[in-house]
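Worksheet for the structure shown next.
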Amino acid sequence: MQTPAKALVVSLISLVTLSFSIAPANALPQQAVDFSEQAAVQPAGIGQNLKVSENGLETKSLDSLLDLTDYVNSGHNFDVDATIAAAKSEIGTSRATGWSAPGECVVSVGRWLDVGGADRSQAAGNPVDNYRGALRLTIEHAQPGDVVQYEHIDYPTSWVSGVHTLLITGVNSDGTFEIVQSNVPYGSGLVTLEENWVPAPPAGFQAVVWRF
C-alpha cells in the first residue's frame, strides 16, 4: 500500500515531468517570427543582388529587385506641381529619339523631375539604378509625381525592348490614372497625355512605381 507521503512525491515528480514536456511547445510561438506584416517596399539599392547569366545579361536573385517597401505614405522630396506643369507644357510637342536623346521616355521624365528639383544624383543609367534614392512601390500606391517604370522581370536592369517610363500626373476615382509620357508611338518622340491610363506592361514585364 502507498503511503500519503509517497503518493505526494510521485505526484510532484509527475507534475515536474509534465511541465518540462509541455514548456518547449508552449515557448515556440513566442520565439517564432511572423514575416507576413514586414515591410513590402524598400529604399532603392537594398537587396539588389545581381548575378550574370550565360548570355551576359544581369538577372535578379531571389531576394533582389522585386523587394518592395511599406513607406507607402511617404511624401515626395521635390516640387510635384512644378514637375507636372513641366510635363504638361510639352504635351503635343516632339523631340529627337535615340540613345539619351530628349524625346526618349526616360529622358523626358528625368527632365520633368529635374524641373521640380528631384534629387536624381544617384541615378546610374539602367531601369533599376536610375531610381537610387527613390522608394519602390506597387501601382495601387501610385500618387501624382510618381514614376512608373516597365521593367523586365528576368532582366530588370537591361534596356530590352518593352521598357517604358512615364509620369503619374493624377489619380482618378475609378482607379485609373492620368499620365504624361513621351515617345508613344515608339520612335515619334511625341509627348502625350492619357486621362484614364491603366498599366499594360508587355508579357514578361511588370509596372514598378518609384517615388523621389
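Derivation of every value follows stated rules applied to the coordinates shown; laboratory data play no part. Predicted, not measured: the structure shown is a model, and the values here were computed from it. Ideal geometry is used to build each Cβ from the backbone, glycine not excepted, and the neighbour counts take in all protein chains shown.
The set of residues in the stretch 172-187 being farther than 23 Å from A101 by Cα and over 18 Å from the mean Cα position of the chain (by Cα) consists of N172, S173, D174, G175, T176, E178.
Exactly one condition in (1) without any contact (Cβ under 8 Å) to a residue 40 or more places away in the chain; (2) assigned to a strand (DSSP E or B); (3) buried (at least 22 other Cβ atoms within 10 Å of the Cβ) is not met by P127; state its number. Against the list (1) without any contact (Cβ under 8 Å) to a residue 40 or more places away in the chain; (2) assigned to a strand (DSSP E or B); (3) buried (at least 22 other Cβ atoms within 10 Å of the Cβ), P127 comes up short only on (2).
Sub-7 Å Cβ pairs linking a first residue in the stretch 149-161 that is among the β-branched types (V, I, T) to a second residue that is surrounded by fewer than 19 Cβ atoms within 10 Å (Cβ to Cβ), at least 6 apart or interchain, are I153/G204; I153/Q206; T157/L50; T157/E58; T157/N126; T157/D129, ordered by first then second residue. Considering only residues in the stretch 165-180 that are out of contact with any helix residue (DSSP H, G or I) (no Cβ under 6 Å at 6 or more places or on another chain) and surrounded by 13 or more Cβ atoms within 10 Å (Cβ to Cβ), the one that is nearest to D154 (Cα to Cα) turns out to be L166. Checking the stated criteria, A86 turns out not to satisfy the condition of being touching a residue at least 24 places away in the same chain (Cβ under 8 Å) and buried (at least 22 other Cβ atoms within 10 Å of the Cβ). If you go through the stretch 83-124 and keep only what is in contact with a helix residue (DSSP H, G or I) (Cβ under 9 Å, 6 or more places away or on another chain), within 14 Å of V184 (Cα to Cα) and assigned to a helix (DSSP H, G or I), you end up with V106, S108, V109.
Residue-by-condition table, conditions (1) among the aromatic types (F, W, Y); (2) in contact with a Phe, Trp or Tyr (Cβ under 8 Å, 6 or more places away or on another chain); (3) surrounded by fewer than 21 Cβ atoms within 10 Å (Cβ to Cβ):
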residue	(1), (2), (3)
W112	yes, no, no
Y131	yes, yes, no
P156	no, no, no
V160	no, no, yes
V163	no, yes, yes
V198	no, yes, yes
